[in-house]
1. Please enumerate the residues belonging to the stretch 114-129 that are away from the ligand (no atom under 16 Å from the Cβ) and touching a strand residue (DSSP E or B) at 6+ places or on another chain (Cβ under 7 Å).
2. List every residue pair whose Cβ atoms sit under 8 Å apart, with the two residues 6 or more apart in sequence or on different chains, where the first one lies in the stretch 121-133 and is of a type in the set (Phe, Trp, Tyr) and the second, anywhere, is within 16 Å of the ligand (Cβ to nearest atom).
3. Being at pLDDT below 90, assigned to a helix (DSSP H, G or I) and surrounded by 12 or more Cβ atoms within 10 Å (Cβ to Cβ) narrows it down to one of Glu54, Glu39, Glu94, so name that one.
4. Any residue that is within 19 Å of Thr157 (Cα to Cα), assigned by TED's automatic domain parsing to the domain that holds Pro186 and more than 17 Å from the chain's Cα centre (by Cα) - is there at least one of those in the stretch 66-83?
5. Quickly run through the stretch 154-175 and pick out the residues that are away from the ligand (no atom under 13 Å from the Cβ) and either under 16 Å from Leu136 (Cβ atoms) or of a type in the set (A, V, I, L, M) (or both).
6. When you scan the stretch 144-156, how many residues do you find that are in contact (Cβ under 8 Å) with a residue 40 or more places away in the chain and surrounded by 21 or more Cβ atoms within 10 Å (Cβ to Cβ)?
7. Is there a residue in the stretch 176-188 that is within 16 Å of the ligand (Cβ to nearest atom) and in contact with a Lys or Arg (Cβ under 8 Å, 6 or more places away or on another chain)?
8. Test Ala101 against the criterion of being away from the ligand (no atom under 16 Å from the Cβ), over 16 Å from Leu202 (Cβ atoms), assigned to a loop (DSSP other than H, G, I, E, B) and aliphatic (A, V, I, L, M), and give yes or no.
Amino acid sequence: MSGQAPEVPRPAVRPQTDASPAGDLPLAVIGQPGVPFVEIETLRAREFIPAAKEALSSLLKEQAQGKLIRPVFNWAGRNSLFPLHWGLACCAIEFAAAFGARWDAERFGVVPRSSPRQCDLLIVNGTVTWKVAHKLIALYEQMPEPKWAIAMGNCATGGGPFRTAYSVVPGVDKLIPVDVYIAGCPPRPENMLDGILRLEQLIKERGE
Ligand code: SF4
């Protein structure tokens, strides 16, 4: 005996195939002898491009229907509300306190901005007089869509203790659309945070 192990015959290797979603064309095996590189590329492209086109068109259809992109924008928008950095009266002190270390409103993604063009939330936090009304409307109109408004405190909600005064607007909803009202004179920072969380819920439900 020679001491060498007998040679085991190898099984015949079949070329691997992979049916594409677009058709029954097999994927060529890279390196398979006898298949030129150009042909491999052509075969793969033939399969890949129709599948990619089909996937892209269905994606665009979904996008057009707002199924794909709208929920993402909704989620991102409602968790990063940018209120306008302004104040009208005593309620503005509570607004400012809400962003201090104790209440830390920014942990909810609420970051005040000083330009209405960068804001999507107007928190009306004080007594609105007829003298300031047109400024308030101008600020609201300068904010890009989608945008929301919160009436913070009794004055912004309905005129508060000054409701009967000739100079006071009896509720800011006479000037702009209001989404959430926060009661109190003044409401505490916790109330303001609660109002913001309710607005977030509202935005989620409306799908804006
Ligand atoms: S609701 Fe009360 S605390 Fe707020 S602005 Fe009016 S008077 Fe001031």
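1. Residues of the stretch 114-129 away from the ligand (no atom under 16 Å from the Cβ): 114-121.
Scanning the stretch 114-129 gives Pro116, Cys119, Asp120, Leu121.
2. Trp130/Ser167; Trp130/Val168; Trp130/Val169
3. Working: Glu39 fails: surrounded by 12 or more Cβ atoms within 10 Å (Cβ to Cβ); Glu94 fails: at pLDDT below 90.
None of the other options fit; the residue is Glu54.
4. Initial filter on the stretch 66-83 (within 19 Å of Thr157 (Cα to Cα)): 83.
Imposing the further condition that a residue be assigned by TED's automatic domain parsing to the domain that holds Pro186 reduces the set to 83.
From the residues that got through so far, the ones that are more than 17 Å from the chain's Cα centre (by Cα) too are none.
Checked the stretch 66-83: no residue is within 19 Å of Thr157 (Cα to Cα), assigned by TED's automatic domain parsing to the domain that holds Pro186 and more than 17 Å from the chain's Cα centre (by Cα).
5. Here is the first cut: in the stretch 154-175, the residues away from the ligand (no atom under 13 Å from the Cβ) are 164, 166-167, 173-175.
Within the stretch 154-175, Ser167, Asp173, Lys174, Leu175 qualify.
6. First, pick out the residues of the stretch 144-156 that are in contact (Cβ under 8 Å) with a residue 40 or more places away in the chain: 146, 148, 150, 152-153, 155-156.
From the residues that got through so far, the ones that are surrounded by 21 or more Cβ atoms within 10 Å (Cβ to Cβ) too are 148, 150, 152-153, 155-156.
Of the residues in that region, 6 qualify.
7. Start the filter on the stretch 176-188 by keeping residues that are within 16 Å of the ligand (Cβ to nearest atom), which leaves 178, 180-188.
Now restrict to residues that are in contact with a Lys or Arg (Cβ under 8 Å, 6 or more places away or on another chain): 180.
Yes: the stretch 176-188 contains one or more residues that are within 16 Å of the ligand (Cβ to nearest atom) and in contact with a Lys or Arg (Cβ under 8 Å, 6 or more places away or on another chain).
8. Details: away from the ligand (no atom under 16 Å from the Cβ): yes; over 16 Å from Leu202 (Cβ atoms): yes; assigned to a loop (DSSP other than H, G, I, E, B): yes; aliphatic (A, V, I, L, M): yes.
Yes.
The values are calculated or read from the model by the stated rules, or taken from the named source; none is laboratory data. Note that the coordinates shown come from a computational prediction; the quantities given were computed from them, not determined experimentally. Counting neighbours? That spans all protein chains shown, and the Cβs are built from the backbone with ideal geometry, glycine included.
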